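> Questions regarding the structure given below will be posed in turn.
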Amino acid sequence: MTVVSPRAPGPSTARRAARSRLAVLGERGIELLIRLCGISAIAFVFGIFFFVFREGAPYLPHLDPRQFFFDTHWYPSSDPPRYGAGALIVGTLSVTLLSMVIAVPFGLGAAVFVSEFCRNRTKETLKIVIELLAAVPSVVWGFIGMSVLGPIIKDVFHVPLGVNMFNAALLLALMSVPIMVSIGEDALKAVPDSYREAALALGATRWQTVHRVLFPAAKNGLLAAVLLGVGRAIGETMAVLMATGHSARIPDSIFDPVQTLTATIAAELGETRQGSEHYQVLFLIGVLLFSLTFLVNLIADAIVKGIRRK
Amino acid sequence: MTRFAETPHIRRKLRNELLARLFFGAMAMAMVVPLLLIVGFVVIKGAPAMTWEFFTENPRRGGTAGGIWPALVGTLYLIILSLCVSAPIGVLAAVYLNEYARENWLTRIVNLAVVNLAGVPSIVHGLFGLGAFVYALHFGKSILAASLTLSIMTLPVIIASTKEALASVPMSFREACWNVGASRWQTIWHIVLPNSISGILTGVILQVSRAAGETAPVMLTGVATFKAIEGHGLFLYHLREQCMALSMHLFYIRTQASGAPEELSYAIASTLLGVVLAVNATAIVFRIYLRSRKKW
C-alpha cells in the first residue's frame with residue numbers, strides 16, 4: 001500500500017519546465033476542486049444530521065423523553081396520538097441481539113476458516129461467495145423472508161405467524177455475516193506470522209493456535225467486526241419491514257412479531273403530511289437512529305485504528 | 001502426517017483439531033449453501049413468468065398483470081444519474097485522501113466522516129433526501145431528488161475502492177515522474193490515474209449494484225408505486241417527475257398489491273437479483289483479469 005505521506009518527497013520545483021500561466025492556473029483550480037471533494041464527506045455527514053434534525057426539531061419542545069423512550073404505546077393515528085417509541089426501541093434491540101447471537105458464531109467461524117484453515121483456491125472462492133452474499137439487496141432478503149422463510153418457520157416451529165422476530169433475525173444474520181467475515185479476516189491477517197510459527201514450533205495444532213494465540217491477539221479486531229455487524233443490523237430497513245411482522249408491542253418469545261425504528265419510518269412516513277406532528281416524530285426517530293449507528297461506527301473505528309497503530 | 005507414538009493426549013489433540021476444522025468449515029459452508037439455495041429457488045419459481053412481454057410492457061391492473069418495463073427504465077435512470085454525481089466526487093475525494101492529504105486532524109476527520117457515511121442507515125439517507133432535496137431545495141419527489149440521495153449514499157463505496165486502487169500504484173512511479181519535472185497533478189493525471197483506472201472502475205461497478213438494489217431512500221424521495229411509460233424515444237422520463245424502480249416494485253407487488261400472482265413477484269425478485277449479481281460478477285471477473293496482468 002502506497003499512501004503518499006507528507007514526508008515523502010513531493011514534486012521537485014527545480015527541474016520544472018516553464019509552463020504557461022493558464023496551465024498553472026488550471027492546475028490550481030483542479031487542486032482546489034480535489035480539496036473540496038475531499039472535505040465534502042464531512043459536509044455530507046453534517047448535512048445529513050442537520051436536515052434530518054431540522055425537520056424533526058419543531059416537535060422537540062413537546063417531546064416528553066420519558067414517554068418517548070419508555071412508553072410502549074405507539075398510536076400515531078389515534079386521537080390524541082401517543083408517541084411511545086419504547087416498543088420500537090425494544091423491537092430494534094431484540095431483533096439486533098437475536099441476529100447477532102446467530103451471526104457471530106457463523107461470521108467469526110467463517111472468518112477463521114477463510115483465514116487459517118483453507119488453501120488459496122477455496123479461500124478465493126469463499127471470498128467471492130461472501131461478496132455476492134453482501135450484494136443481495138435488502139428488499140430481496142425481505143421478499144425471501146416473507147415468501148420462502150416464513151412458511152418454513154411456520155411449519156417447522158408450529159407458530160401462527162411465519163413473519164416474526166426470528167425470521168427477521170435470520171435475515172439480518174445473513175446480511176451482516178459478510179461484513180463480519182471481511183473485517184474479522186483482516187483482523188486475523190494482521191496478527192504477525194511469527195506468532196503462528198512460534199505456536200506451531202511448540203507443537204500446537206492449528207486449533208490450539210487459533211484458540212490460544214490468534215483469538216487473544218486479534219480480539220479487538222474481532223470485536224470491531226461484530227460491532228460493524230451490529231451497526232448494519234440496527235440500520236437495516238426493508239428486510240425487517242417485510243419480515244418482522246411489523247407490530248408494535250413487547251415480544252414474549254422469539255416467534256412474536258415486532259416493529260423496529262427503521263421499519264416504522266419506512267412504513268408511516270408516506271402517509272404523513274409534511275410538518276405534522278407524526279412527521280416530525282418520525283424524523284426524530286431518524287435522529288435517534290443516526291446517533292445510534294454513529295456511536296457504534298465510531299467505537300468500531302476507534303478499535304480498528306488502535307490496532308493499526310500498534 | 002507422520003505420527004509419533006500416539007499418547008492419549010496427542011490423540012485428543014488431533015481429534016480436537018479435526019472437530020475445529022469441521023466446525024469452522026461448516027460455518028463457512030453455512031453461507032455458501034443459503035446463497036445457492038435461495039438464488040436457485042427464486043429463479044426457478046420466477047422463470048415461468050419471465051417472458052418477453054414481462055420485460056417490455058407496462059404493468060396493468062395496478063401491477064398485478066403486465067410487465068415491468070417502466071421499473072427497468074426507472075432503475076436505469078436512477079443508476080446513471082446517481083453515478084454522474086457520485087463517481088466524480090468520489091474519485092476526486094479519494095485522490096485527495098491518498099495523494100494530497102497530510103497526516104493531520106483534518107484528514108482524520110475526513111476519514112472518520114467517510115466511515116460514518118457508510119454506516120448511516122439507508123432510511124436516514126432517505127429522510128435526509130426528503131428534507132434536503134425534496135423540500136429545502138424544492139426538487140419535489142422526483143428522479144432528480146432520488147438519484148442525488150442515492151449518490152450520497154453510495155459515495156463511500158467509490159471512495160473506499162478508489163483509495164485502494166490509488167494506493168496500489170507503487171511510489172516509485174510517482175517519484176520517477178516528479179524527477180522529470182512533473183507537478184503533483186500532472187503526475188496524478190498521466191501516471192497514477194491511468195495505472196489505477198481498472199481498480200477505480202471496479203468501485204464504480206460496485207456502486208451501480210448498490211444503487212440498483214436500494215429501496216428505502218428512493219421510496220421516500222421520488223419513486224412511485226405505479227407510473228406507466230406512455231411515449232417512445234430516448235427520454236422516457238423527465239428529471240422532475242417520479243419514476244418506478246425494480247426494488248420498489250418488488251416491495252409493492254409483494255406487500256401492497258392484492259391479487260398479484262405468485263410467479264410475478266418471484267420473477268421481479270429474480271430480475272433484481274440477476275441484475276445485481278451480474279453487475280457484481282462483472283466486477284469480480286474484471287478484478288481477477290486485472291490482477292493477472294498487473295505489471296508490478
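Values quoted throughout were computed directly from the atomic coordinates according to the rules given, and no laboratory measurement underlies them. Treat the numbers as computed from the prediction; the structure is a model and nothing was measured. Here the Cβ positions follow ideal geometry from the backbone for every residue, glycine too, while neighbour counts run over all protein chains shown.
> Quick one: would you say residue A:44 is in contact (Cβ under 8 Å) with a residue 12 or more places away in the chain and part of a helix (DSSP H, G or I)?
no
> Now a separate question. Return the residues of region B:10-66 that are more than 9 Å from chain A (Cβ to nearest Cβ) and charged (D, E, K, R); say none if nothing qualifies.
Within region B:10-66, B:11, B:12, B:15, B:53, B:57, B:60, B:61 qualify.
> Anything in region B:166-194 that is buried (at least 16 other Cβ atoms within 10 Å of the Cβ) and more than 11 Å from chain A (Cβ to nearest Cβ)? List them, or say none.
B:191, B:193
> Okay, next question. Could you go through region B:163-172 and let me know if any residue there is farther than 20 Å from residue B:114 by Cβ and in contact with a Phe, Trp or Tyr (Cβ under 8 Å, 6 or more places away or on another chain).
Among the residues of region B:163-172, at least one is farther than 20 Å from residue B:114 by Cβ and in contact with a Phe, Trp or Tyr (Cβ under 8 Å, 6 or more places away or on another chain), which makes the answer yes.
> Would you point out the residue of region A:193-208, among those that are of a type in the set (A, V, I, L, M) and not in a helix (DSSP H, G or I), that is farthest from residue B:9 (Cα to Cα)?
A:202
> So, one more: Among the numbered conditions (1) under 29 Å from residue B:199 (Cα atoms); (2) at the interface with chain A (Cβ under 7 Å from one of its Cβ atoms), tell me where residue B:136 comes up short.
Evaluating residue B:136 over (1) under 29 Å from residue B:199 (Cα atoms); (2) at the interface with chain A (Cβ under 7 Å from one of its Cβ atoms) leaves (1) as the failure.
> I would also like to ask the following. Give the residues of region B:258-283 that are over 20 Å from the mean Cα position of the chain (by Cα) and either at the interface with chain A (Cβ under 10 Å from one of its Cβ atoms) or not in a loop (DSSP other than H, G, I, E, B) (or both), sorted by residue number.
Of everything in region B:258-283, those that are over 20 Å from the mean Cα position of the chain (by Cα) and either at the interface with chain A (Cβ under 10 Å from one of its Cβ atoms) or not in a loop (DSSP other than H, G, I, E, B) (or both) turn out to be B:262, B:263, B:264, B:265, B:266, B:267.
> Next question, about the same structure. Looking at region A:56-70, is at least one residue surrounded by fewer than 16 Cβ atoms within 10 Å (Cβ to Cβ) and either farther than 29 Å from residue B:129 by Cα or within 9 Å of chain B (Cβ to nearest Cβ) (or both)?
Taking every residue of region A:56-70 in turn, at least one turns out to be surrounded by fewer than 16 Cβ atoms within 10 Å (Cβ to Cβ) and either farther than 29 Å from residue B:129 by Cα or within 9 Å of chain B (Cβ to nearest Cβ) (or both).
> Can you list residue pairs whose Cβ atoms sit under 6 Å apart, with the first residue in region B:180-200 being more than 15 Å from residue B:92 (Cα to Cα) and the second being of a type in the set (Lys, Arg)? Count only pairs 6 or more apart in sequence or on different chains.
If the second residue must be of a type in the set (Lys, Arg), the pairs left are B:181/A:15; B:181/A:16.
> Which residues, counting only those in region A:184-243, are more than 30 Å from residue A:164 (Cα to Cα), without any contact (Cβ under 8 Å) to a residue 60 or more places away in the chain and of a type in the set (Gly, Ala, Ser)?
A:194, A:198, A:199, A:201, A:203, A:204, A:217, A:218 - these are the residues of region A:184-243 that are more than 30 Å from residue A:164 (Cα to Cα), without any contact (Cβ under 8 Å) to a residue 60 or more places away in the chain and of a type in the set (Gly, Ala, Ser).
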